[in-house]
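Okay, so here's the structure we're looking at.
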Amino acid sequence: MAGMSDVEQVSCEKKPRSGLAEGAAYVLLLVGPFIMNGMLVLFGSLSHEFAVDPSEVMVAITAFMVPFAILQLISGAISDVVGRTPVVFCGVALSSLGLAMSATSTSVSTYAGAHIIMGIGWGFINPAAIALITDLTPPESVPTKMGIIGAVGSIGVALGPFAASIILTHSWRWFYASLFFVTLLVLPAIAFSRNAGTARAVGSGMRVFLSYVSQELRRPVVLLLMLMGFMFAETYLATVVWTSRALTGLISDTVIGNLLMISGLVAAVVGVVAGWLTKRRGVRLPLILGITTLILSAIVLTSIDDLGNPLSLPRVTAALLVVAVAAGMLYPTSIYYSQMLAPGKRGALAGLLMSAQFIGNALIPVLFEPFYEVGIRVLFEAILGASILYLIVSWALYRRAPLKSQTTP
């Protein structure tokens, strides 16, 4: 079959089971996007607290995202070598420290420094936690678990800003303090769980980690997967970010927040469905449904002349719901690819995929600002073009690695 040489065979050996470790991994994959999106609501209170302009507080986003994206290039490979548990434990410990520092910050510089530490921590956690869940899952159930991972991430995205807005009625510090206590509860669950992932060649040090990454980067199928992750940011996430930006000042922030929350919850539900479809039908149907809805949402948005017109709100809402379906289908599918292309290096591949996606996140303002300056329709036409490019990349990846159903005939 064409492309199957790009996929290593999945081992059929019995997997170790550790419900405690798996549950802790899901919690961490929820808390990460919960923090990243929740902090967006805090900027007004933080700027008042630190007596600075809100734009100065936004440096915390960069402080978090840069180490978070870069570390994932190697942290997944490290977990392939030394095992998942030590890497996740180290990441949780660092993230807990960053959360404690954030909760007690007295200046924007200490607040940004705390987010650097958190970004490093979650850079270790993200790919290792994904690979940990796969390690503990029988091969036939991996698609379902990837759907759950996608749903958990979408719930974090949806509920982070909502929860932060409620906590702000007391103090922004409680946002970080409450999550600090959550990570403290996760630490013993990770520490006392059975180490997952095969530890090997530890004595070779950094050369082993880098060899894992360099070997995978030479595979065209891996480069296509990374490009797929990057384009996910420039399509779905760009749609959410720039629609929110365009609506700011035209409708109330509460309405915008509610739209984004509903969109995130829709993506969560669809993510579970995507895992179920992948298990029974393979990746082809989720890819078709995801890309079709991705392009459809961009077409709807390009048809809107005046976002501020109340009559346009139903179409904007429809576009956000449709693009949520796209995210729910495509995100779990890309994670599934990262876990199946090379099962012995699934940590490395998860790290490469996530790093590419979050580098894409960081570039969304830079890449789309020029189009926004020309006009909102031009902006959404650019996102439509990016969606078509996503279609091309996904088609090329599927041709090389047409992952099939995990159910027996």
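Computed from the coordinates by the stated procedures, all read-outs in this text should not be read as laboratory data. As the structure is a prediction and not an experimental result, all values here were calculated from the model. In this analysis, Cβ positions are derived from the backbone assuming ideal geometry, glycine residues included, and neighbour counts consider all displayed protein chains.
What the table shows:
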{"read-out": "Estimated [θ] at 222 nm from DSSP helical runs (n ≥ 4, -39500 (n - 2.57)) normalised by residues in the chain, nearest 500", "value": "-26500 deg cm²/dmol"}
{"read-out": "Given charges at beta-carbon only (K, R positive; D, E negative), |dipole| of the chain in Debye", "value": "1520 debye"}
{"read-out": "Net length gained if the chain between Arg377 and Lys404 were fully extended (0.36 nm per residue, minus Cα distance)", "value": "5.9 nm"}
{"read-out": "Förster-model FRET efficiency, 56 Å R0, Ala191 and Asp305, C-beta, rounded to 0.05", "value": "0.45"}
{"read-out": "Label point 7 Å beyond Cα of Trp276 along Cβ direction - residues of the range 325-351 with amide nitrogen under 20 Å", "value": "325-336"}
{"read-out": "FRET efficiency, Arg245 to Arg218 (Cβ-Cβ, R0 45 Å, nearest 0.05)", "value": "0.70"}
{"read-out": "Exposure proxy order (Cβ contacts within 10 Å, fewest to most) of His115, His170, His48", "value": "His170, His48, His115"}
{"read-out": "At R0 = 56 Å, FRET efficiency that the Cβ-Cβ distance of Trp395 and Ala51 yields, to 0.05", "value": "0.60"}
{"read-out": "Listed values [x] 75, 51, 34; [y] 57, 47, 33; [z] 96, 46, 37, entry calculated as Cα extents along the principal axes in Å", "value": "[y]"}
{"read-out": "Over the range 333-407, relative contact order from alpha-carbon pairs under 8 Å, at least 6 apart, %", "value": "20 percent"}
{"read-out": "Loop-exposed trypsin sites (Lys or Arg not before Pro) per DSSP, neighbour cap 10 Cβ within 10 angstrom, longest uninterrupted part of the chain", "value": "15-217"}
{"read-out": "Difference of contour (0.36 nm per residue) and Cα-Cα distance, Val59 to Ile262", "value": "70.3 nm"}
